[in-house]
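Input: a single structure, listed below in structure tokens.
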Amino acid sequence: MSKSKKPAIHVSKFLRDAVAARLDDEAATMKFPILCECLLPVFDGPCLIRQPGKLTIYAEGAHWRLKLDCPTEGLALSYACPSIVECIEALEGHLASGNAIWSPGWKKSKSKLPTVDDIIQ
């Protein structure tokens, strides 16, 4: 029995450059270098070697809660700020201070979360 070749997939003309498209926000990278390092994906040629981070901002009580997730590193950070106008600058300052307290980030999946026993064994 011979192996069949996969059929050629037609890519629309307007999508051909989309694969190589990369976010290039020079203003943000200059103003918030640490935050951008956490948020932007890293590629080695066409290969993704670091997933992009995720920044979530939501109202919680009398302040704004910022949650920064870095999935490749498996880390998450939660930060509270009283003003949404200043929250990105405050988060950058907090990251730059070296006082940020990171917690383990967990992937949402059907598999069970690791336990201390798993590490010991």
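Okay, here's what the table says:
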read-out: From the options V19, V11, residue that is assigned to a helix (DSSP H, G or I), of a type in the set (A, V, I, L, M), modelled with pLDDT under 80 and surrounded by fewer than 11 Cβ atoms within 10 Å (Cβ to Cβ); value: V19
read-out: Subset of the stretch 69-97 [within 16 Å of C36 (Cα to Cα) and among the small types (G, A, S)]; value: A76, A90, G93, A96, S97
read-out: Test result for R50, surrounded by 12 or more Cβ atoms within 10 Å (Cβ to Cβ) and at pLDDT 95 or above; value: no
read-out: Residues within the stretch 36-50 that are part of a loop (DSSP other than H, G, I, E, B) and over 12 Å from the mean Cα position of the chain (by Cα), tallied; value: 2
read-out: Restricting the stretch 64-79 to residues that are in contact with a Leu (Cβ under 6 Å, 6 or more places away or on another chain) and among the hydrophobic types (A, V, I, L, M, F, W, C), the residue that is farthest from S103 (Cα to Cα); value: L66
read-out: Residues located in the stretch 57-78, provided they are outside any strand (DSSP E or B), surrounded by 14 or more Cβ atoms within 10 Å (Cβ to Cβ) and touching a strand residue (DSSP E or B) at 6+ places or on another chain (Cβ under 8 Å); value: P71, T72
read-out: Considering residues of the stretch 26-47 that are surrounded by 13 or more Cβ atoms within 10 Å (Cβ to Cβ), of a type in the set (A, V, I, L, M, F, W, C) and without any contact (Cβ under 8 Å) to a residue 60 or more places away in the chain only, the residue nearest to L75 (Cα to Cα); value: C38
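The values are calculated or read from the model by the stated rules, or taken from the named source; none is laboratory data. These numbers were taken from a predicted model, which means no experiment stands behind them. All Cβ positions, even for glycine, are placed from backbone atoms using ideal geometry, and neighbour counts span all protein chains on display.
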